[in-house]
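Only one structure is covered here, and it is reproduced in the block below.
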Amino acid sequence: MRIVIIGGGITGLSAAHRLMELSSESETQLEVLLFEGRNKLGGVISTKHAYDFLIEEGPDSFITTKPWALNLCRRLGLGPELIPTNEENRRTYVVKRGRLIYVPDGFLMLAPTRLLSFLTSPLFTWRGKLRTALETVLPSRSSQSDESLASFVTRRFGREVLDLVAQPLISGIYTADPQSLSLKATFPQFLELEQKHGSVIRALIREKNKRNTSKSGESGARYSLFLSLKDGMESLIEKLGSSLPGKSLKLGKTVKRLELSNSVWTLMTEDGTMIDADGVIIALASNKAYHLLEGFDSRLAKELSQIKYESSVVINLAYNLDDISHNLNGFGFVVPTVEKRPILACSFTSLKFTGRAPRGKVLLRCFMGGATNPEIYERDDNWLMKTAHEEMCELLGVSDKPILKMVSRYYQSMPQYFVGHLDLVSKIKERVSKYKSLELAGNAYSGVGIPDCINSGEMAAEKIFNNLKNKHS
């Protein structure tokens, strides 16, 4: 059997690796070909080394509550290379009127779990605190229909929680506007808590006390649940690439057309090469898969085209520690849109993970763009670096120029899970199910994180492998 994978990001590589595992486990002869239009594997995952700094241009870690990335690392022998976040200062700041204020301890993305910490926080007004406290007695929503994340947070906790915490934290994950973001597709657990317990806050406190999983001193993201790799996230890409037979990788090869005839797929590359295959996994962004499928299945292509994307920019800046007046006793800060600033967030990268900067130096990552600031992507590199530096000067008290600066652009890279996203994905899956030897995988469907992408690729591999194996049998 020959299976072709289109796309050499983490999703496509995970699919290819899983196919090789299945081939070995079942002693089934299988040829896997992976086509990647660029001359480099990994997609948005990229690690650079410069002047003794380890610089992540894309994702710098993955969460362990979704087990697929951790499991893959262990199967690849990368277990000893995994590193946790530093145990100290696992906190997040929020910018309010030009000042950095801690997110209250135990505030889990959308809701507080430690009422004393929340009530004594200077981040919220007393009116905002009282409104949030009312959540414990509010009735649950009777409708089962999807709603926006902004609607849910405002309805349950009030406007201040949305504007000051939920919106900036969510934008840091999805680069999206909570006004259009689907609650069911992004944070279904909060909807389930409301429907099951009535009060989300009371349910979270009960769960925390029962499981004792909320560590003291953490706020915003639960940093104790995140892992990275000692030599950077690209180590995972390199390991996946080297685990495949050399002849499997077709770099610099873009597939332009896809046809199906008599259960055989024919793929045409940009240079006119024709490839036949028993099965195909499309591990591309849905807006690229749309172009590939447009001439083959117009209905499927139209459904894929309804998933919209936003662009983002990452600016890495390094400074001498002595040139920063802020004590940096946290892992970073987020910026609410109500602050009307050009940056979305900043991560204190070298404080978050060890081995990212030399002694006496600090590496920071600034984020710009997304749905709330889309025009920024069009700015040139000099403007982006200058603006990011000026923000660091104002918010962190930086007093000298950066000793290192780097801009990384990600055009149309983040899918937007609009209200009704799960219904749309269900239609796409139903349409794809007509073709037993075709699968779609990637971050456009059931999660945007690294573990989600790995799971999507592996599930596509298992499904197509089993379908083809049964057919051949």
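None of the figures in this text is laboratory data; all of them are computed from the coordinates on show. Predicted model, so just to flag it, every value in this text is computed and none were measured. Counting neighbours? That spans all protein chains shown, and the Cβs are built from the backbone with ideal geometry, glycine included.
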Under DSSP loop assignment and at most 14 Cβ neighbours within 10 Å, longest trypsin sites (Lys or Arg not before Pro)-free interval of the chain: 98-214
Gained length - Leu260 relative to Asn39, 0.36 nm times residue gap less alpha-carbon distance: 76.8 nm
Paramagnetic reach from Asp423 in the stretch 141-185 [backbone N under 14 Å; point 7 Å along Cα→Cβ]: 144-148, 182-185
Neighbourhood net charge (11 Å Cβ-Cβ; Lys/Arg +1, Asp/Glu -1) for Ile45: -4
Intensity falloff of the stretch 104-213 expressed as log10 I(q)/I(0), Debye formula with alpha-carbon point scatterers, at q = 0.21, 0.22, 0.24 Å⁻¹: -1.22, -1.33, -1.53
Summed side-chain charge close to Glu391 - residues other than Glu391 whose Cβ falls under 11 Å, Lys, Arg +1, Asp, Glu -1: -1
Amide H contacts under 5 Å for Thr113, placed H, 5+ residues apart: Phe107, Leu108
Stokes-Einstein D for the stretch 243-305, Kirkwood Rh over Cα pairs, 20 °C, 1.002 mPa s (µm²/s): 169
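What full-extension length gain, to one decimal in nm, is calculated for Ser143 and Ser224 as 0.36 nm per residue of separation minus the Cα-Cα distance?
The span from Ser143 to Ser224 would gain 25.7 nm if fully extended.
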Estimated FRET transfer efficiency when R0 is 25 angstrom, pair Leu116-Glu339 (beta carbons, to 0.05): 0.40
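Which FRET efficiency value, to the nearest 0.05, do you get for Ser26 and Arg75 by plugging their Cβ-Cβ distance into 1/(1 + (r/R0)^6) with R0 = 22 Å?
The pair Ser26/Arg75 has a calculated efficiency of 0.85.
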Neighbourhood net charge (11 Å Cβ-Cβ; Lys/Arg +1, Asp/Glu -1) for Gly7: +1
Normalised alpha carbon radius of gyration of the stretch 1-100 [divisor 2.2 N^0.38 Å]: 1.46
Exposure rule at most 10 other beta-carbon atoms within 10 Å, DSSP loop GluC sites (Glu not before Pro): the chain longest free segment: 88-473
Long-range amide H partners of Lys256 with built H, under 5 Å: Met268, Thr269, Glu270
Cross-link pairs beyond the 31 Å C-alpha cut-off, checked among Lys239/Lys469; Lys253/Lys434; Lys308/Lys434; Lys48/Lys434; Lys308/Lys463; Lys196/Lys429: Lys48/Lys434
Karplus-derived 3J(HN,Hα), 6.51/-1.76/1.60, for each residue of the stretch 387-400, Hz, glycine and proline x: 5, 4, 4, 4, 5, 5, 4, 6, 8, 10, x, 6, 10, 9
D_trans [Stokes-Einstein, Kirkwood Rh over alpha-carbon pairs] for the stretch 197-332, 20 °C, 1.002 mPa s, µm² s⁻¹: 101
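Quick one: of the DSSP bridges fully inside the chain, what percent are antiparallel, nearest 5?
Of those bridges, close to 75 percent are antiparallel.
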In order through the stretch 323-333: 3J(HN,Hα) via Karplus (6.51 cos²θ - 1.76 cosθ + 1.60), integer Hz, x for Gly, Pro: 8, 10, 7, 5, 6, 6, 8, x, 9, x, 9
Estimated Rh, the stretch 348-387: Kirkwood, alpha-carbon pairs, angstrom: 12.1
Where Rh is the Kirkwood radius over Cα pairs, Rg/Rh for the chain: 0.98
Residue-wise HN-Hα coupling along the stretch 429-436, computed from phi with Karplus coefficients 6.51, -1.76, 1.60 (Hz; x: Gly, Pro): 5, 4, 5, 5, 5, 5, 10, 5
Linear extension gain, Ser325 paired with Gln179, 0.36 nm per residue minus alpha-carbon span: 48.9 nm
